[in-house]
Each structure stands twice: as structure tokens, then as C-alpha cells.
1. Per residue of the chain, what 222 nm ellipticity follows from adding -39500 (n - 2.57) for every DSSP H run with n ≥ 4, rounded to the nearest 500?
2. Of 240/264; 206/366; 264/335; 240/325; 155/218, which ones are farther than 26 Å apart at the Cα?
3. Any idea how far the Cα center of the stretch 289-355 sits from the one of the stretch 18-57, in Å?
4. For the chain, what does the convex hull of the Cα positions come to per residue, in cubic angstrom?
5. Please give, to one decimal in nm, the separation of the simple spin-label points placed at residue 40 and residue 279, each 7 Å out from Cα toward the Cβ.
6. Of 24, 231, 177, which is farthest along the charge dipole of the chain in the positive direction, counting Lys and Arg as +1 and Asp and Glu as -1 at C-beta?
7. Using each residue's phi in the stretch 235-240, evaluate 6.51 cos²θ - 1.76 cosθ + 1.60 at θ = phi - 60° and report the 3J(HN,Hα) Karplus result to the nearest Hz, with x for Gly and Pro.
8. Which ³J(HN,Hα) values in Hz, rounded to whole numbers, follow from the phi angles of the stretch 337-353 under the Karplus curve 6.51 cos²θ - 1.76 cosθ + 1.60, where θ = phi - 60° and Gly and Pro get x?
Amino acid sequence: MIRGILSILWLVAGTLPAAASVATLAFWSTVSDDDKSRWQKEGFDVVAFGCDADDAACIVDGLASLAPAEKRFLITGADSSGAVARLYAAGLKAETVSGVALMRAHGVQDFQVALPADAPKLTVFVEKSDAGTDVASAQNLVAAFRRQGVTSSLKFFDPQMMEATPVHPGVVAGISHFMGYAPQSELLMKLLTANELWPHLGHNNKGFLGETAYLTTKPMTDPVRTFLLRHFQQGPHVGKQWAFATYRSFDLLAYRDAVAPGTKYVSFRTRFGQFMAFDLDQYAAYGPEIVVGVDDETNMYQLAWYYWNDLMYSWETKVPNISAKPLGPALVFTKPVPDSLQLPFRQRTALHLKGMSFSKDDPLAKMKSYPENIQTIITKSNECIYCHSIEGVGGQNYHLNAYTAQPQGGFALALEDYSDDVMHAFLFNQEEVARKVGLSPNPIDPMLVQEFHNWVSALKKPE
Ligand code: HEC
């Protein structure tokens, strides 16, 4: 278990602190009296333009009639999606409207107009229970605006929040945050901020996309789709943002044969600091390829969800920021891989071209000298070596700060570097350690844990 965020949690329904500078919430068409008084109670001015959903010119007139100095936010529904695009295309600037919130959205076709650098930010709210096609359509619009340089994000409400009257406290919190007012719950504020910031941070898979000789677009097959959707297991609604109808495939074998002919092993060091290596010749028959794009999305790091841990390390009080879990480019196989050859899931995601290398010798060869039970634990049942190093071989896993895309703790240290107490507690009292840090336990088979403890303790002893 990871403390799952996956959507906005509406834990707190309190009123907001009185706003220092009042903002205007401008409704495209109408607003009920109940809702109006609710927003006014929050300290916002409320106007309704009474425009038809598709009438952008009416909104231009309405905005012109408002006092010039005010901070304003425009709010409307899916039927205005096209008109909102036209408003932006006509040069809408942040000095006129600070932001536009769409309650659901339809995709916008051919949205190719260059927009001013100071175009207002945009957010689309959907509900977790919305049909996949509707969520994907809203995400299409968000992505189209983002490609034009607009700060844009998609956020999830819980089911039936958007229809509630008077307006649901969660909706009040979500829109207030968008307007720059912090909801009382610090966690909620951080989550909403992560939703806005992460999509605009630097991570991308341009390295793979630059290798055009090895790329083809393919229709998605059921096994590939099922594999990719595992990333969203803890919050399937997040995965609804993409149709998973086609994918861009990077031909791993052809690439290896071109850049490192005669090598056998491929190693991946992921953007999470995880490490994996395997004999590519052995897996060649199963059609290894790397998914570097899904549908129209060319940045696999946009396929992300957010979570938090309570502590970085059980022996410290430091708390990490909200973390992002992007899928990133992922290794898949076009043919079924036998059970005995299954590779771990996480280490096959968040791949990048620079983190990939080829060698004649097995980078994990050192492990072959370890007792068989130990090898099973560290590579198969508990997979320690892919996240922690052991005698200089393995990963150094960490979390990705959702605000900065930089690595943040807790870092997975070399197994030799943990104190006896920490290792002992991890092995024999893991539920408690996991609860304290806020992570999923990964217990070792009780029949083998003592053997593992002896072995790992001996690693530390000088020869
Ligand atoms: C999926 C990656 C992953 C795997 C697999 C994994 N670890 Fe970790 N481990 C981490 C990370 C990351 C941390 C740092 C704490 C955190 O998660 O933020 C950590 C923390 C720890 C800690 C310190 C916990 C504390 O007290 O704070 C120990 C000890 C540890 N791991 C041992 C192991 C051993 C032994 C195995 C295999 C049996 C293993 N880990 C498997 C990623 C992993």
C-alpha cells in the first residue's frame, strides 16, 4: 500500500480564510442563487454572463463589462469546450482572465493556433466515475492546450460532486485552489498543486523519440494494454485519461544490433534509480519493445499519479513532499513470456535512453555466487537488488518530487549501510516499519528470513 492519492481527497469541508483581495468568479451562463451565496460566503464576487454555451463573442463582451483591475476566473461546462478554444485562439490573456475552469470537456480537434505566452491557465475537472471516453476527451483538450504552451491540468472529483446543489464543499475547495486560495487541508492543497505542476516539469522521453529509425506506430494489443494499465492499479480512473488505442514502439533488438552489435545483456537504470539487467538474446524470441508513446501522448511521463509517504526513513523525522509516479517508457513483449522468465514490473517502467546500456557480460554476475535462497530473495521474491545495491551492484531507488521532478528521499541505501537495528526491524517487524514510513510491506518468506538476516549481516563484517 502506498498512501494513495490518485484523485483529490475531500477531507475537509471548512470555509476558507477571508480572502485579502477579492476575486470574481464569472459563470459563462447561469448560477443558482444557492450556489451564488455559497461562493459569496467564501469571499468571492460572483457574476453570470448568461451566454449560450458556444457563444465566445458574448463572453468577450461580458468580460469587457467588468471592472478592469479585478482578478477573474471563468467557469463553464463541456459544451463550451470549442468556444473556450476560440477565446484562447483570439488571444485571451491572463490580464483579462486569470484562469478558466471547465467542468468536463470535449476534445478539441485541430487546435493548432499559436497562443500568447501570457494566456490564462486552464483546468478541467472530471469525476472519477465518468466514462472512459469522456475522461480521455477531457485529457485530449488539456493536452492540446498544453502543447500550445498553456498551463493546463486535469483533476478528478469524487463521483456525484459536480451535480450537487448547493455546490459541494469539495468543488469549492478545488476551484478555490485553482483561484489561488489554499484549502485548509495542507495535504489537499499539495495534491492539487502537484496536479498543476507535474505535467509542466522537465521529464520527457525525447531521447527515445529522437531515434526515429527504430520507431513504429502500432495498434494496442490486449496484453500490452493490460500491462500498461497495471501502472494505474491503485486508481484506475487515472488511467481513463488515455484510450490506449495505439502506441509508439521502439525496437529494442534492432537498436542493440545497430549501436552495440555482439552484446548480450541490456541494463536499465530507471528515472527512479532502479536497476535491472537481463540477457536480451534469451528474451529475443518474445518480441521485446519499448512503449514510448500512447495515442497522441508523446511524453510517457504525463501518465502519472501522485502519492505521499509519511517519513523518508524510520529513524528520522523528515517528511518528503508529494511524489509523482509516472509510467514513463515501458518494456513490453509482443509474445507471452513464460512464468519462469517474468521480469519485475516497476523496473520495466520509467525507462530512458541514457539509462540503457548493453554489455557482453552479465552486470548482475556477482550474485551468482550467493546462496540460492538469497538469490531468489534478492531477484525474485523480494527484488531487493533492483532497488538497493549489494556489494556495489544494483539500484538506488528514490521518489520523484511532484513539484520539481527531482529525486527525493527516502533513498534506498546499499543494504550493507543500514544499521543492525534498522535491518532487524525491517526484516522481523516490517508491518510496523512500513506503517511508520507509509509504504507497502514486502516481507521475506518467514522460513528464509533468518538465513537472509545472517547473510546480510555478514556482508558488513570486514573480511
Ligand atoms: C521497489 C524498490 C524496493 C525494493 C524491491 C526493496 N526496497 Fe528497501 N527501500 C526502498 C526505498 C525507496 C527505501 C527508502 C524508504 C522509502 O521507501 O522511502 C527502502 C528502505 C529500506 C530499508 C530502511 C527502512 C527504514 O527503516 O526506513 C531497509 C532496511 C530496506 N529497504 C531493505 C530492503 C530489503 C532487505 C529488501 C529485499 C528483501 C528491500 N529493501 C526491497 C526500495 C525498495
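1. -7500 deg cm²/dmol
2. Pairs exceeding the cut-off: 240/264; 206/366; 155/218.
3. After rounding, the separation between the Cα centres reads 41 Å.
4. 155 Å³
5. It is 7.6 nm.
6. 231
7. With the stated coefficients, the stretch 235-240 comes to x, x, 4, 4, x, 5 Hz.
8. My calculation for the stretch 337-353 gives 8, x, 3, 5, 10, 4, 9, x, 6, 4, 6, 9, 10, 6, 7, 8, 4 Hz in order.
Every number here is computed from the coordinates shown, using simple stated rules; none is lab data. Fair warning: this is a prediction, and the values are worked out from it, not measured in the lab. Positions of Cβ are backbone-derived with ideal geometry, glycine not excepted, and every protein chain shown enters the neighbour counts.
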